[in-house]
Ligand code: SF4
């Protein structure tokens with residue numbers, strides 16, 4: 001399955017387009033991050049990881065998930 005990954009250094013956001021229901025919950029919660037008119041359409045920028053985690057947990061289809069980046 002195709003996946004796209006976006007990191008802000010602290011967490012890595014994973015988006016699975018095949019699973020996305022285009023319900024736009026993500027756009028409504030964090031419009032500064034999710035913009036379908038841009039490529040890439042996900043730009044984490046300096047959005048705090050707590051906000052990203054909360055919004056990702058609200059994705060109804062599990063198309064969005066995240067992993068915590070480990071210190072090496
Ligand atoms: S909230 Fe999830 S299912 Fe809805 S558009 Fe965003 S990624 Fe897709």
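Per-structure values
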item: All positions within segment 22-33 that are within 13 Å of the ligand (Cβ to nearest atom) and in a loop (DSSP other than H, G, I, E, B); result: 22, 23, 24, 30, 31, 33
item: All positions within segment 34-57 that are assigned to a loop (DSSP other than H, G, I, E, B), near the ligand (Cβ under 10 Å from one of its atoms) and surrounded by 12 or more Cβ atoms within 10 Å (Cβ to Cβ); result: 41
item: Residues that are without any contact (Cβ under 8 Å) to a residue 24 or more places away in the chain and in contact with a strand residue (DSSP E or B) (Cβ under 7 Å, 6 or more places away or on another chain), drawn from segment 26-48; result: 27, 33, 34, 41
item: Residue tally, condition assigned to a loop (DSSP other than H, G, I, E, B) and surrounded by 11 or more Cβ atoms within 10 Å (Cβ to Cβ), over segment 9-21; result: 6
item: Verdict on residue 15 being within 20 Å of residue 2 (Cβ to Cβ), without any contact (Cβ under 8 Å) to a residue 24 or more places away in the chain and within 11 Å of the ligand (Cβ to nearest atom); result: no
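None of the figures in this text is laboratory data; all of them are computed from the coordinates on show. Since this is a predicted model, take the numbers as computed values, not measurements. Every residue, glycine among them, receives a Cβ derived from its backbone with ideal geometry; neighbour counts consider all protein chains shown.
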